[in-house]
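To keep things clear, I will list the structure first and then write my remarks on it.
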Amino acid sequence: PQRRYADVIIEVLPTQLIPDKGEPEVLRVRLVMREGVKHFSPVYLFDEGSTISWTPCGRKLSCSYPGIQFFYGPDTYFSNE
């Protein structure tokens, strides 16, 4: 319940890339920063407001495809943007 009111959240969860995997050997990490909070400015990896989704070519990975997925952009978290 406290995540709803946090300004910054780091979630570490089991992956969604490998279905039916018993033990979570591969993790999914999510960084969420709230906008519009007094005395707090979120950081931007790219231009503010950008949306980027990237999956590298499977032939260039040493792990099984898709192995890595990257998403960056605005999102809604507990009804907050």
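Between THR55 and GLN69, residue separation times 0.36 nm minus the direct Cα-Cα distance comes to 4.6 nm. Put a dot 7 Å past the Cα of GLU48, heading toward its Cβ, do the same for LEU31, and the two dots end up 1.7 nm apart.
Every number here is computed from the coordinates shown, using simple stated rules; none is lab data. If you're wondering where the values come from, they're calculated on a predicted model, not measured in any experiment. Don't worry about glycine lacking a Cβ; one is built from the backbone with ideal geometry, like all the others, and counts go over all protein chains shown.
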